[in-house]
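See structure below.
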Amino acid sequence: MADTMLEVRGLNAWYGESHILHGVDFDVKEGEVVTLLGRNGAGKTTTMKSIMGLVGQRAGSVKFKGTETVDLRSDRIAHLGIAICPEERGIFASLNVTENLMLPPIVAPGGLSVAEIHDLFPNLKERAGSQGTKLSGGEQQMLAIGRILRTGAKLLLLDEPTEGLAPVIVQQIGRTIRAIKERGFTVLLVEQNFHFAATVADRHYVMDHGVVVDQIKNSELASNMEKLHDYLGV
Amino acid sequence: MLMVFGYNLGPILGQGVLGVVNGAFYALLSLGLAVIFGLLNIINFAHGALYMLGAVVAWFLLNYLGIGYWPSLFIAPVIVGAFGVLLERTMISKLYKLDHLYGLLLTFGIALIVEGLARNQFGSSGLPYSVPESLRGATRLGFMIMPTYRLWVVVASFVICITTWLVLEKTPIGATLRAATENAALVQSFGVNVPRLVMLTYGAGVALAALAGVMAAPVYSVNPNMGSDVIIVVFAVVVIGGMGSILGSILTGFGLGLLEGFTKFLYPEASGVVVFVLMIVVLLTRPAGLFGKAS
């Protein structure tokens, strides 16, 4: 049994006056790919941002490799070895592709080299000098994933990496996730598209109204389809 | 003698070049303001007072410690920059989450206090600061004879401006700064200590103002009002160039100095207002400034 890498217990989070997370509990083990499924507004993105320290007000416990992070600033959390690929991708318009790629500092050894990232995403090499936001949506997503692979962070938070992308790009991102899992990275994935999630994940947590309501192993996904349709309202 | 449209070209160029000396200071000061505004979202009204403080520190170093112009070019910006870091840590950093207006009011207050203290100490007549030995005399430029010190000011400030621009546009630290200007929270979540970056950026912007102050001391004498005299024009430069645009500040700073110089020759009565007339025209036609991006 692999070690628990991330342990979330009773996580609460607020945006100003609105109380978004109401005691979220789940675990991610080292080397796993785990997804958070759920409807819009269930609290998936807020959970990701809370782990990364991007939500101002949070309470409860988020332990990364045994270290409590719930009171840490986001830059300290990054140096422990967690990196986020945000839902809006966060590509910087005033930086070119190479500058975007090189922006996140190295936090630990073991990240991918630029050559390896270019192997995964050849488009990034071709467009190295382009302004970051001049890339297509798919290329921007590759850049947003590529730049956090460089840093040596071992837990990657990918927030809806396939949203709005063409099927061929979705497949490429699926291959990438399986490839980085092979290399020992741990991935927490937020997905609306559970057909895609099923092709990459080991386990799924289902969120609703700011709490985790269920856990499904990927191997048991088929037998739980009806329940899942109910949760997701599809 | 060169004649164009019935004017003798020599004096026009002469006034233009003297205008560029003022423009050199506009460029240095608006550059610091632009960098600070870009990252901190603070309109640093204390900039003029900190420029004056640079000159005052240089005067102190000379008259109390016997430290001359050349070392002061380095020491005064470090001292005033450290003072800026202190201001940022203890006061300005508390205002980042509030409207721009609060930062403007705070820094305006700081400017009044610093200038008031200086006036209390030195009166308002100004303290002499002589031109360093090696830059005395005049240099023949062909169409005019120019005081060597002023020529040095133009060249040095041009080099400083271009260096700053290169650092911001072509280096990793510059890329981090630009990224933090766009989305500080995300840059911090990558592991960059953004509060420290902000503090050092304010310190660097302030040090740039102090450096301009040291360079200005032999030109305008050290006067408690020297900052408030220049800062209004510098704000006009920033507005015309485009808030937060680095290249815009540099080009507009030099350009407006030149424009003022020409106006002084063609219609001297207008030389004090030409910058503000241009500012009004720019605000009406291109509200984001000549080099700014419309948001």
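The values are calculated or read from the model by the stated rules, or taken from the named source; none is laboratory data. The model shown is predicted, which means the values in this text are computed figures rather than measured ones. For neighbour counting, all protein chains shown are included, and Cβ atoms are generated from backbone atoms with ideal geometry for every residue, glycine included. We work out accessible area using only protein heavy atoms, side chains counted, and drop any ligands, DNA or RNA first. Shrake-Rupley method; radii C 1.70, N 1.55, O 1.52, S 1.80 Å.
Each 10 Å bin from zero holds the following percent of Cα-Cα pairs in the protein assembly as shown: 4, 16, 22, 19, 15, 12, 8, 3, 1, 0.
Computed FRET efficiency, Cβ-Cβ of B:Phe122 and B:Asp99, R0 35 Å: what is it to the nearest 0.05?
Numbers: r = 35 Å, r/R0 = 1.01.
With a Förster radius of 35 Å, E is 0.50.
Taking all pairs of different Cα atoms in segment B:240-295, averaging 1/r and flipping that mean, what Kirkwood radius in angstroms comes out? Result for segment B:240-295, one decimal place: 11.6 Å.
What average count of beta carbons from other chains do you get within 10 Å of the Cβ of residues in A:97-106?
Details: counts 0, 1, 9, 2, 0, 3, 10, 8, 7, 1.
Going residue by residue through A:97-106 and averaging, the value is 4.
Note on the protein assembly as shown: dipole from Cβ charges, positive end direction compared against A:Ala59, B:Ser271, A:Val24; the farthest Cα belongs to B:Ser271. Oblate is the label for chain B, because the ratio a/c of its alpha-carbon gyration tensor axes (a ≥ b ≥ c) is 1.5 or higher and a/b is not greater than b/c. Secondary-structure-derived ellipticity at 222 nm for chain A, considering helices only, amounts to -9500 deg cm²/dmol, per-run term -39500 (n - 2.57) for DSSP H runs with n ≥ 4. Taking a span of 20 Å or more along the helix axis (Cα atoms) and a mean Kyte-Doolittle hydropathy of at least -1.0 as the rule, the DSSP H helices of chain B that qualify are B:9-40, B:47-65, B:69-90, B:100-122, B:148-170, B:194-220, B:226-241, B:246-266.
If you roll a 1.4 Å probe over the protein assembly as shown with all protein chains in place, what percent of the accessible area is carbon or sulfur?
Values: 14060 of 22970 Å².
Its accessible area is 61 percent carbon and sulfur atoms.
A simple spin-label model places the labels of A:Glu182 and A:Glu163 2.9 nm from each other, with each point 7 Å out along Cα-to-Cβ. Adding -39500 (n - 2.57) for every DSSP H run of four residues or longer, then dividing by how many residues chain B holds, sets the calculated 222 nm ellipticity at -24500 deg cm²/dmol. Distance from the alpha carbon centroid of segment B:24-64 to that of segment A:175-234 works out to 55 angstrom. Computing FRET efficiency as 1/(1 + (r/R0)^6) for A:Arg76 and A:Thr4, where r is the C-beta to C-beta distance and R0 is 25 Å, gives about 0.75.
How much of the calculated P(r) for segment A:42-151 lies past 23 Å, in percent of all Cα pairs?
Numbers: 2038 of 5995 pairs.
When every Cα pair of segment A:42-151 is considered, 34 percent fall beyond 23 Å.
Rounded to the nearest 20 debye, the dipole magnitude of the protein assembly as shown is 1080 debye, with +1 charges on Lys and Arg beta carbons, -1 on Asp and Glu beta carbons, and the Cα centre as origin. A 1.4 Å probe run over chain A, with the rest of the protein chains in place, finds 41 Å² accessible per residue.
Evaluate Rg over Rh across segment B:15-117, taking Cα atoms for both radii and Kirkwood's formula for Rh.
On the way: Rg = 15.1 Å, Rh = 14.9 Å.
Computed over Cα atoms, the ratio is 1.02.
If you wrap the Cα atoms of segment A:120-220 in a convex hull and average its projected area over all directions, you get 7.4 nm². Comparing A:Val114, A:Val168, A:Val33 in a Gaussian network model of chain A (Cα springs below 10 Å), the most mobile by mean-square fluctuation is A:Val168. Within the protein assembly as shown, antiparallel bridges make up roughly 65 percent of the DSSP beta bridges whose residues both belong there. Surface listing: A:Trp14, B:Trp59 arranged by accessible area from highest to lowest gives A:Trp14, B:Trp59, probe 1.4 Å. Relative to one another, the C-alpha centroids of segment A:15-68 and segment B:241-295 are positioned 50 Å apart.
If you take the Cα atoms of chain A, find Rg, then find the Kirkwood Rh from the mean of 1/r over all pairs, what is Rg/Rh? Could you put the intermediate results ahead of the total?
Details: Rg = 17.0 Å, Rh = 17.9 Å.
Rounded to two decimals, Rg over Rh is 0.95.
For the segment A:85-91, counting C-beta atoms of other chains within 10 Å of every residue's C-beta and taking the mean gives 3. Charges were assigned to the Cβ only: +1 to each Lys and Arg, -1 to each Asp and Glu. The resulting dipole of chain B about its Cα centre is roughly 280 debye. Applying a length cut-off of 20 Å (Cα extent along the axis) and a mean Kyte-Doolittle floor of -1.0 to the DSSP H helices of chain A leaves A:167-182.
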